[in-house]
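The values are calculated or read from the model by the stated rules, or taken from the named source; none is laboratory data. These numbers were taken from a predicted model, which means no experiment stands behind them. Here the Cβ positions follow ideal geometry from the backbone for every residue, glycine too, while neighbour counts run over all protein chains shown.
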Amino acid sequence: MELNRETIPQYLQERHLEIGFFDSDAELISEEIGDGNLNFVYRVYDAARPTCSVVVKQAPPYIKILGPDYPLPPDRLTYESRSLKIYNQFASQAVPTQHYFDSDAAVIVMEDLRGYRLLRDNLVAGIVDITVPEQIGCFMGKVHSQTYTENLDSTTADKYREDFGNTVMQSITADYVFTFPFMEHETNFYSDGLELDVKRLKTDDVFLQHARNLKSIFLTEQHGLTHGDLHTGSIMVKDDAAKVIDSEFAFYGPVGFDIGLFWANYLLSYFSHTGNTDVQSEIKTAIIQTWETYTEEFEIDPILKTRTLNTIFHEAVGFAGMEMLRRIIGAAHVKDIESIQDKEKKLSIETNILKFGLFLVKERKNITTVYKLVESL
Ligand SMILES: Nc1ncnc2c1ncn2[C@@H]1O[C@H](COP(=O)(O)OP(=O)(O)OP(=O)(O)O)[C@@H](O)[C@H]1O
Ligand SMILES: [Mg+2]
């Protein structure tokens, strides 16, 4: 059942008792707000009380922007709903409340984060709020450690593995982050002038071996509940609140992937603000603060803590490098860079990002602390 603006009010009314949000006779109005690629997202509000609203997200059995010829299993919303439940259990302040989930129709009804903005938009505008990395570091530290294999009995760990065996979405990420950008592929695109750098990457055997290793870690390590798509467009912020959305890629995997993506997108922003030393210095602090908060919140037997956090750190650095590279030469670019109008400046920034991404991938094991990481910038 594919919902649309006209059918959503009736769909919600028929379920108003389970959803427990609107009065049974409320006149509901819906508008499409989703700017994403994969799913439909609507805001629905009570005509008499417009501030009384919810967000309805539905996954069609295909990629929304490409249409029915491009199938994608709608059970991706089952993983989003399941992860929202776990997030609510361990870090409820960091996610929207889930009001209702319909697995047959692949629909989630959730809290409307009205008045929030995407973190990416703030960073593009040069607004770097230090409480955001603290909150996201805290969110990751709590969720990762509370779902970490070493902290669980084997039955609970098996249950996480089973509940979050999101293999289709995981393999899409594996292709688009670790493989396609570094081969001839129809979805790749990049600025004129980067051809030589791209050719060098594609023929750098040492780099390609690192990329294969990181891909293998991504696909096989099963350590904790990983959001799987925690870039700055999956976080909404308002005042000093930060909320994590869009966890349809959630899987049981190497948790450093979340930190890596989060850092990489701050780093992309860092390079996009070349020439603005104030913003760049705030971004460096944000990267440090993410890790400081993460390590404080990460609860584990003290004997295991140093070793565990070291592994997570080095993997995060490598994943951050891969994410930076693919956002410049792969299928999915970021607004932070694409919005740079001056072509020459953009090319020079992109060249520097490729250099730094490559450095992170190759040197991840030699970068020992988050301070060393930002000093390398
Ligand atoms: N709970 C919410 N409250 C307010 N706005 C929201 C909420 N959830 C999503 N949005 C808005 O809808 C947009 C799309 O949501 P989301 O990222 O979950 O969709 P998606 O189709 O899965 O995106 P993608 O193609 O990036 O995977 C968000 O960028 C945000 O602007
Ligand atoms: Mg999504």
**Message:** Yes or no: segment 77-85 includes at least one residue that is surrounded by 14 or more Cβ atoms within 10 Å (Cβ to Cβ), within 19 Å of the chain's Cα centre (by Cα) and β-branched (Val, Ile, Thr).
**Reply:** yes
**Asked** When the residues of segment 164-190 are filtered to those that are closer than 25 Å to LEU309 by Cα and not aliphatic (A, V, I, L, M), which remaining residue is farthest from the chain's Cα centre (by Cα)?
**Response** GLY165
**Message:** If a residue must be under 21 Å from TYR42 (Cα atoms), among the aliphatic types (A, V, I, L, M) and more than 14 Å from ligand 1 (Cβ to nearest atom), how many such residues does segment 88-144 contain?
**Reply:** 1
**Message:** Here is a list: ALA241, ALA250. Which entry is touching a strand residue (DSSP E or B) at 6+ places or on another chain (Cβ under 7 Å) and within 16 Å of ligand 1 (Cβ to nearest atom)?
**Reply:** ALA250
**Asked** For GLY34, are the conditions met, namely being within 15 Å of ligand 1 (Cβ to nearest atom) and either surrounded by 19 or more Cβ atoms within 10 Å (Cβ to Cβ) or under 20 Å from LEU113 (Cα atoms) (or both)?
**Response** yes
**Prompt:** Is there a residue being more than 18 Å from ILE33 (Cβ to Cβ) and of a type in the set (S, T, N, Q) anywhere in segment 58-70?
**Reply:** no
**Request:** Scan segment 125-135 and give yes if some residue there is within 16 Å of ligand 2 (Cβ to nearest atom), crowded, with 19+ Cβ neighbours inside 10 Å and hydrophobic (A, V, I, L, M, F, W, C), otherwise no.
**Result:** no
**Asked** In segment 230-250, which residues are buried (at least 19 other Cβ atoms within 10 Å of the Cβ) and either away from ligand 2 (no atom under 16 Å from the Cβ) or closer than 17 Å to GLY318 by Cα (or both)?
**Response** LEU230, HIS231, VAL237, ALA242
**Request:** Kindly establish whether ASP46 is within 9 Å of ligand 1 (Cβ to nearest atom) and either under 19 Å from the mean Cα position of the chain (by Cα) or within 24 Å of ARG117 (Cβ to Cβ) (or both).
**Result:** no
**Message:** So, in segment 211-229, how many residues would count as being among the hydroxyl-bearing types (Ser, Thr, Tyr) and either away from ligand 2 (no atom under 16 Å from the Cβ) or part of a loop (DSSP other than H, G, I, E, B) (or both)?
**Reply:** 2
**Prompt:** Among (1) over 30 Å from LYS202 (Cα atoms); (2) without any contact (Cβ under 8 Å) to a residue 24 or more places away in the chain, where does VAL143 come up short?
**Reply:** (2)
**Asked** Quick one: is GLN10 more than 16 Å from ligand 1 (Cβ to nearest atom), closer than 30 Å to GLU297 by Cα and loosely packed, with under 15 Cβ neighbours inside 10 Å?
**Response** no
**Asked** Does segment 263-276 contain any residue that is surrounded by 18 or more Cβ atoms within 10 Å (Cβ to Cβ), outside the structural domain of LEU38 (by TED's automatic domain parsing) and within 16 Å of ligand 2 (Cβ to nearest atom)?
**Response** yes
